[in-house]
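Just so you know, all these numbers are worked out from the coordinates, no wet-lab data involved. Quantities reported herein were computed from a predicted structural model and do not represent experimental measurements. Because the Cβ atoms are built from the backbone with ideal geometry, glycine has one as well, and the counts that use them run over all protein chains shown.
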Amino acid sequence: MSHHIIEIKDIEYMYPDKTKALDGLSLRILHGEAVAIVGANGAGKSTLLSHLIGVLIPSSGTVRIGDYPLNKETLTHIRRSVGMVFQNSDDQLFMPTVFDDVAFGPLNMGLPPEEATQRALDALKTVDAVHLKDRPPYKLSGGQKRSVAIASVLSMLPDILVMDEPSAGLDPYCRRQLITLLQSFKHTKIIATHDLDLVIDLCERTVVLSNGKIIADGPTLQIFNDDVLLQKGRLEKPLRMQGCPICKPAIR
Amino acid sequence: MLLRNMILASLFAALITISSQIAFPLPFSPVPHTLQVLFVMLSGILLGPRWGAVSVGLWVLLGIFGLPVFAQGKAGLTVLVGPTGGFIAGFGCCAALVGWLTARCSLTYSRVFISMLIGLTALYTFGMLGFMASFTWFLHKTMTFQQGFLLVVMPFFPFDVLKIGLAAFLGVRVKQALIHAGMLKDQFQ
Amino acid sequence: MLNNITFGQYFPGNSFLHRLDPRTKIVGTLLFISSIFLAEKVTAYVVILVFTLLAIAVSRIPPRFVFRSFRPLWIILVFTLGIHMFSTPGLVLYAWGPLTLTQEGLRQGILMSARLLFLIIMSSLLTFTTSPIVLTDGIERLLSPFRKIGFPAHELAMMMTIALRFIPTLLEETDRIMKAQMARGADFSSGTIVRRAQNMIPLLIPLFISAFRRADELATAMEARCYRGGENRTRMKELALSWLDGIAACVFSLLLFLLAYLRWWH
């Protein structure tokens with residue numbers, strides 16, 4: 001894996017109705033870091049993530065992924081090194097079988113069939129879903145769909161993994177499996193999530209967004225210990241930091 | 001842009017398929033009805049003439065491939081050659097016509113309804129001609145226009161007019177909602 | 001019922017017909033349909049009948065499935081038979097009041113209905129022995145020479161795949177929205193037509209809007225995995241003709257030759 005540094009400088013992005021989704025945001029992520037992006041709904045998390053795979057292009061400011069600045073010509077290169085797992089797996093899996101979906105990326109890249117097959121099988125093995133390979137995606141459970149969606153991105157061998165609410169809708173067992181899986185990945189990980197307990201397990205660094213601006217960027221536990229900051233970002237402490245509900249009464 | 005339109009056409013083809021399978025009885029009509037015509041009209045107004053016609057074309061192709069996408073789960077090339085074949089061909093023309101007309105008028109209920117009425121007339125023309133041709137081919141007997149009109153148009157046209165009333169209302173509402181959400185460009189203020 | 005739409009009429013198996021390349025089957029079916037029009041004499045119809053029965057036997061599809069394919073058009077079949085039998089002038093065989101059965105009528109009726117039956121059976125055999133995905137592949141390959149003049153064979157195949165894949169999902173979504181509306185008191189099965197139509201509105205509007213949102217997301221997801229259309233894209237399974245296709249081609253040619261001979265030289 002080459003050493004990709006993600007560099008975002010002063011980007012702004014406006015919605016069609018002229019509200020600012022991102023307002024002068026700057027961020028620098030080093031290779032191998034695991035960074036969580038947290039914030040209230042509408043703070044700009046998904047918008048920021050979309051910039052990382054080139055789905056959105058900022059109205060001002062620059063995005064740089066490794067050696068490539070983000071523009072129309074470099075999109076293909078950027079998309080090979082950044083893999084995005086979307087919030088809704090149903091909108092990401094569309095081929096008749098799981099295997100077809102996981103092999104979709106490598107085939108698009110023009111790899112020969114044998115190599116594409118090998119990559120697909122390797123990716124499925126990583127997420128422990130090889131037994132699902134001939135099933136139609138719509139028949140899978142939520143957790144299985146999530147695993148397959150991750151595999152479909154892994155098969156392209158990205159250096160950077162971007163994930164939007166990866167644990168949403170997963171039952172506790174699948175969620176734990178997901179966390180264990182992600183812990184084993186050496187990729188740079190950028191995870192937008194409301195699941196602050198997952199953040200403690202996976203990300204040593206947290207960025208807090210509010211109204212399109214970064215209001216905090218630092219070590220995870222330090223940020224989660226700052227009550228004033230959390231309130232400003234319309235967040236609460238992670239559940240496991242909120243104390244025992246029997247010894248300590250619930251927050252009113 | 002192209003990819004998005006392709007996917008939309010595919011999704012609408014799927015919606016037309018689903019609408020063809022859900023049949024319900026209507027008073028004064030011996031045959032169960034579906035909302036096929038409503039969905040075809042909507043693909044015309046929401047996707048435009050070209051992609052609306054493509055979505056109908058996709059649906060027809062799926063049917064030719066033997067998938068049970070036509071009304072009452074019918075499938076295959078033989079349905080196109082049968083009595084309802086004209087309608088199936090007519091749907092494509094109808095979607096294109098409705099798409100073309102509604103792109104040129106403002107988004108009011110009456111204008112959209114009239115566009116759909118014109119589309120419906122085109123549809124029934126194709127349907128009636130197809131029915132007559134099928135009859136002639138199979139039975140080696142010609143059918144007069146009056147007979148065709150009585151058998152094909154009279155029993156069903158009035159019901160379909162009601163359905164496109166609903167379609168016009170929905171079409172305007174959905175299109176407005178989509179323009180408001182920034183998903184469709186408003187070509188006509 | 002609709003959840004089985006991934007198979008359609010496909011009946012899994014490993015017969016000779018199943019193992020043929022889809023292109024052979026598609027071209028073969030089209031040739032067969034045109035060849036039906038070559039038949040005039042009874043002998044020709046017998047030849048086609050033998051061919052059809054052979055095809056059914058070779059496909060190992062249970063006969064009751066084949067009979068099921070007649071169902072949508074049985075009315076036309078009966079009508080065709082009846083109209084020809086009773087209204088063709090000629091040597092009268094029997095008369096029941098206004099209806100007169102003639103020898104010519106009987107012949108015409110049987111032959112015309114047979115024509116229709118052959119058409120139905122052969123096109124059904126195509127879809128019984130070829131799964132939709134393989135069929136799509138076959139059509140895409142057959143039409144790919146036309147890409148040079150701009151015909152989007154790959155895109156067409158992709159669109160059909162997507163449409164097929166989303167039928168169950170959209171059905172589920174419709175169901176979900178319907179249940180949500182019913183929980184708010186909407187009733188879809190009783191009440192006046194006007195009331196029922198009104199209840200459809202909060203069902204259909206979200207359905208269409210979500211279709212647009214879904215298209216946007218899927219397009220994004222596909223592009224994020226470097227999809228740029230059919231250019232430079234590897235195909236996973238290359239279709240390959242085998243000796244089986246050679247045999248099928250010979251049999252078809254024989255059929256066409258026989259029919260042409262019967263029509264123009266005999």
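Things to note:
- GNM remark for chain A: springs join alpha carbons under 10 Å apart, and the peak mean-square fluctuation among A:Pro136, A:Pro172, A:Pro16 falls on A:Pro16.
- When each of C:Met159, B:Met183 is scored by the number of other beta-carbon atoms lying within 10 Å, the sequence from fewest to most is B:Met183, C:Met159.
- When C:Met112, C:Met122, A:Met14 are arranged by Cβ crowding within 10 Å, least crowded first, meaning fewest neighbours, the order is A:Met14, C:Met112, C:Met122.
- Per residue, the protein assembly as shown reaches -18500 deg cm²/dmol at 222 nm when only DSSP H runs of four or more residues are counted, each adding -39500 (n - 2.57).
- Residue exposure sequence - B:Cys105, A:Cys174 - by fewest surrounding Cβ within 10 Å: B:Cys105, A:Cys174
- Lone cysteines, the protein assembly as shown (no partner Cβ under 4.7 Å): A:Cys174, A:Cys203, B:Cys93, B:Cys94, B:Cys105, C:Cys226, C:Cys250
- Cα radius of gyration and Dmax for the stretch B:37-180 (Å): 15.7, 55
- Lysines with Cα under 19 Å of B:Lys175, excluding same-chain neighbours fewer than 8 positions away: B:Lys163, B:Lys185
- All-pairs alpha carbon distance profile, the stretch C:155-233, 10 Å steps from 0, percent: 16, 37, 25, 15, 7, 1
- Chymotrypsin sites (Phe, Trp or Tyr not before Pro) within the stretch C:16-119: DSSP coil, no more than 11 neighbouring Cβ in 10 Å: C:Phe37
- Ranked packing of A:66-73, C:20-27, most packed first, by mean Cβ within 10 Å: C:20-27, A:66-73
- Averaged over the residues of peptide A:103-110, the number of Cβ atoms from other protein chains lying within 10 Å of each residue's Cβ is 6.
- Checking every one of the trypsin sites (Lys or Arg not before Pro) in the stretch A:178-226 against DSSP loop status and a limit of 15 other Cβ atoms within 10 Å picks out A:Lys186.
- Placing unit charges on the Cβ atoms of the charged side chains and taking the dipole of the protein assembly as shown about its Cα centre, the candidate lying farthest along the positive direction among B:Gly86, C:Pro202, C:Leu17 is B:Gly86.
- When only the Cβ of Lys, Arg, Asp and Glu is charged (+1, +1, -1, -1), the dipole of the protein assembly as shown relative to its Cα centre reaches about 1140 debye.
- Using alpha carbons only: equivalent-ellipsoid semi-axes of the stretch A:1-90, gyration tensor based, whole Å: 20, 16, 14
- Chain C shape via C-alpha gyration tensor axes, a/c threshold 1.5: oblate
- Of all aspartates and glutamates in the structure, those lying under 17 Å Cα to Cα from A:Lys9, and not within fewer than 8 positions of it along the same chain, are A:Asp23, A:Asp67, A:Asp217.
- Lys/Arg +1, Asp/Glu -1 at C-beta; the stretch B:37-180 dipole; positive extreme among B:Phe157, B:Met116, B:Thr136: B:Met116
- Cross-link reach is defined here as a Cα-Cα straight distance under 21 Å, omitting same-chain residues fewer than 8 places apart; for A:Lys125 the lysines meeting it are A:Lys133, A:Lys139, A:Lys145, A:Lys186, A:Lys189.
- Top of A:Leu48, A:Leu235, A:Leu154 by mean-square fluctuation, Gaussian network on chain A, Cα under 10 Å: A:Leu235
- For the residues of A:87-100, the average number of beta carbons from a partner chain within 10 Å of their own beta carbon is 5.
- Each label was represented as a point 7 Å from its Cα along the Cα-to-Cβ direction; for C:Ile149 and A:Lys18 these points are 5.1 nm apart.
- Translational diffusion of chain A, estimated by Stokes-Einstein from the Kirkwood radius over alpha carbon pairs at 25 °C in a medium of 0.890 mPa s, is 129 µm² per second.
- Simple point charges give the picture: +1 on the Cβ of Lys and Arg, -1 on the Cβ of Asp and Glu, and for the stretch B:37-180 a dipole about the Cα centre of about 220 debye.
- Under 5 Å, built H, 5+ apart or other chain: amide partners of C:Leu93: C:Leu101, C:Thr102, C:Gln103
- Distance from the stretch B:81-95 to the stretch A:165-180 (C-alpha centre basis), Å: 49
- Global form of the protein assembly as shown, assessed from the alpha-carbon gyration tensor, a/c cut-off 1.5: prolate
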